[in-house]
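The values are calculated or read from the model by the stated rules, or taken from the named source; none is laboratory data. The structure presented is a predicted model; accordingly, all values stated were derived computationally and were not measured. We place every Cβ from the backbone using ideal geometry, glycine too, and count neighbours over all the protein chains shown. With ligands, DNA and RNA removed, areas are computed over all heavy atoms of the protein, side chains included. Shrake-Rupley method; radii C 1.70, N 1.55, O 1.52, S 1.80 Å.
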Amino acid sequence: MPPAMGTTRRLTKMLGPMSLIGPMSLIGPMFLVGIILAPRPASAQAATYQVQMRVATDEDDVSILRVGEDFVVEVVLTAQSRRGGFKSQFYRDYTAPQFPAGLTVVDRSESTRSSVAIVNGRYTQEFSHVMSYVVRPGKEGRYTVNPATMVAEGRLYRSDTITVSILPPRAAPRAILDGQEPDPALAEDEFFQVAMSRERLVVGQPVVLSWYLYTTSRLTERPQSDPPESQGFFSKSLFNQNHTYEMERVQVGRAVFYRTLVFRRMYWPQRTGRLTIAPRTVAFRTRSGFLNTGKTETRTSAEVAFDVAPLPAAGRPAGFVEDHVGNYRLRLDLAAGSLKVGDAVDLTITVEGEALMTACRGPVLPQLAFARLEPNGSPAITETVENEEKVQGVWKARYVFIATAEGQHEFPALSFPYFDPEAGAYRTATTEPVKLTIAPAPPGTRVPPPATVGPTATPGASNVLAPRLKPPAVEDVTGSSLRARFWRGSWRWWLVVLPPLAWLAVGVVRFVRRRRLADVGGLRRRAARSRRRTVISRARAALRAGRREDFHGECARLLLDALSEVVGRSATGLVHAELRQALLDRTVPGELADAVLEALEGFDFARYAPGQSNLESQGADQLESTLKLVHRLDAFVE
């Protein structure tokens, strides 16, 4: 019996006596059955498409932004269907929005997202391509961004235009002293403020600048910034590479912020007059919640100006050098206190303290009538940063002390004048005199000539023995048994032959290495093969472990790497329409390009639509088909 007749008979039984009226009584039930069994219209199941363009900020219609602060414009291409089954690459001929002069696109990216919903028994699938444009406004004003377009199923879809208002640059908060609190008026928005350790400086006096970032949400990445221009200063960062950014909650006015010390730097003024440190701009990223994708913003601090005063002339000691500003300590170390005429021992002079040690010149050395001082290399300078707050350094010079006259002698005390900026006065660091006992030289020992007493001089300009140095007396040794054995032995030939052979081997290795490095294409192919082996091994490991998202992600990475080799640039930042055109420009057949793009779409959909892929039964075949596509693409790599 046909289904319709069975349904009619059941309806007739339910209607009871009304079915006895006659054949006309079946018209109502048959009409009801027709409604029940009639197929749904195709338009009710067909996919719908739309293009939306918006500014990725909290505002809904008109976005208020400022000059120099980047913002993101998103173009969302969406396909929605109640039956599913459409391709993720559902569009073609995508046209990006046109940005007017004054708005510069500094970066762009593409991402996809999919969702499946079942509401009241109705199944709905949605797939979207999101084109993100990072825009930097260069001038204030009101700008209109023209719409983006795409073609889907032969029909043109267009987004709305958007309007953005660009205001003048944000006023930077003024510089404050360490320990001062920010102005409560700044609590209306996030801000970037610089704090200084002191306001007044003299030449050579260090000042520490600390930049604090006040945000309403926690930082998710390391802030990025370049040191500001600071002509007339020598500067050094007080942060090391492993610096940890600690955020503390503080209250500014009635608002609560996360305060983060993001940069700290020490500056030494090198000349008098008005010196300025330019404003500093920081780029940072914050996120307010677990599901929030976060936002990237920029802020700028105010410039810092100093009126640098000269060092006072009153009380300046003799021999003072203007670079010696800070707090110093001086030490003298002589290796021995008792020696003989002609003996040579080490003498070390050490200057340490909180100062710019790279500008230190050391103390003035005396002329000695009983000894000579010969420099033993250049002074060694080391600087360390303690607790990210101050710089300490050590200047160490080594000399050779050569005794020239016997008797009881005294090495005079050394003095090192400097200016203490904290006390605002000149100080002098000194050493204690050193008692010496110099005995006569043994008989037959060549005695160095006595030093010529003269005026004091600085290291490197005094006690130079070069004019009076004489080469040591050298006498030929004849009849050496060791020399005889060497010239009569056979192993001398090895010493003669081995150096040329080693030189030849090194030359061959360098020649081969240069040839390999000159082969840029070969290097790129070897690197690609190495990356491919790594990705394949990771994909197989994910397949064995049943990790569906990792497996499809590695397969997609394998295809993207091969596509990058074909088009000669990174394929990750290209939309599918641009990628297909780039493949066609490389003479890749259209069917291969479509197959590769369709495979990429399938991997994306399988990663973000759980339950749509059976990894155990299809994973091996998917990996094999991916490798076949990669091998076909290799034929078009130049």
Filter result (open to solvent by 10 Å² or more (accessible area, probe 1.4 Å), closer than 30 Å to Asn242 by Cα and not hydroxyl-bearing (Ser, Thr, Tyr)) within segment 350-378: Glu352, Glu354, Leu356, Ala359, Cys360
Verdict on Val391 being of a type in the set (Val, Ile, Thr) and within 40 Å of the chain's Cα centre (by Cα): yes
Identity of the residue in segment 579-638, among the basic types (Lys, Arg) and modelled with pLDDT of 85 or more, that ends up most open to solvent (accessible area, probe 1.4 Å): Lys628
Subset of segment 229-253 (residues that are among the β-branched types (Val, Ile, Thr) and within 21 Å of the chain's Cα centre (by Cα)): Thr244
Residue match in segment 356-366 (condition: in contact (Cβ under 8 Å) with a residue 60 or more places away in the chain and over 47 Å from the mean Cα position of the chain (by Cα)): yes
Test: residue in segment 563-575 that is of a type in the set (A, V, I, L, M), touching a residue at least 60 places away in the same chain (Cβ under 8 Å) and touching a strand residue (DSSP E or B) at 6+ places or on another chain (Cβ under 8 Å): yes
Matching option when the condition is assigned to a strand (DSSP E or B), at pLDDT below 80 and in contact with a strand residue (DSSP E or B) (Cβ under 8 Å, 6 or more places away or on another chain), among Tyr143, Tyr133, Tyr94, Tyr123: Tyr123
Condition met for Leu414 (at pLDDT below 50, within 55 Å of the chain's Cα centre (by Cα) and surrounded by 14 or more Cβ atoms within 10 Å (Cβ to Cβ)): no
Selection within segment 222-245 - surrounded by 15 or more Cβ atoms within 10 Å (Cβ to Cβ), in contact with a Lys or Arg (Cβ under 8 Å, 6 or more places away or on another chain), closer than 21 Å to Thr358 by Cβ and of a type outside the set (Gly, Ala, Ser): Leu238, Phe239
Tally of residues being more than 30 Å from Phe99 (Cα to Cα), touching a residue at least 60 places away in the same chain (Cβ under 8 Å), in a strand (DSSP E or B) and of a type outside the set (S, T, N, Q) across segment 162-214: 9
Top-ranked residue of segment 323-344 - restricted to ones that are open to solvent by 70 Å² or more (accessible area, probe 1.4 Å) and not small (Gly, Ala, Ser), ranked as farthest from Leu373 (Cα to Cα): Arg329
Some residue of segment 251-258 being touching a Pro at 6+ places or on another chain (Cβ under 7 Å), within 23 Å of Gly179 (Cα to Cα) and part of a strand (DSSP E or B): yes
Boolean, Leu347 is outside any strand (DSSP E or B) and crowded, with 16+ Cβ neighbours inside 10 Å: no
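Let's see how each residue does on (1) under 30 Å from Arg218 (Cβ atoms); (2) surrounded by 16 or more Cβ atoms within 10 Å (Cβ to Cβ):
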{"position": "Tyr91", "(1), (2)": "no, yes"}
{"position": "Tyr94", "(1), (2)": "no, yes"}
{"position": "Thr149", "(1), (2)": "no, yes"}
{"position": "Arg155", "(1), (2)": "no, no"}
{"position": "Ile176", "(1), (2)": "yes, yes"}
{"position": "Ala187", "(1), (2)": "yes, yes"}
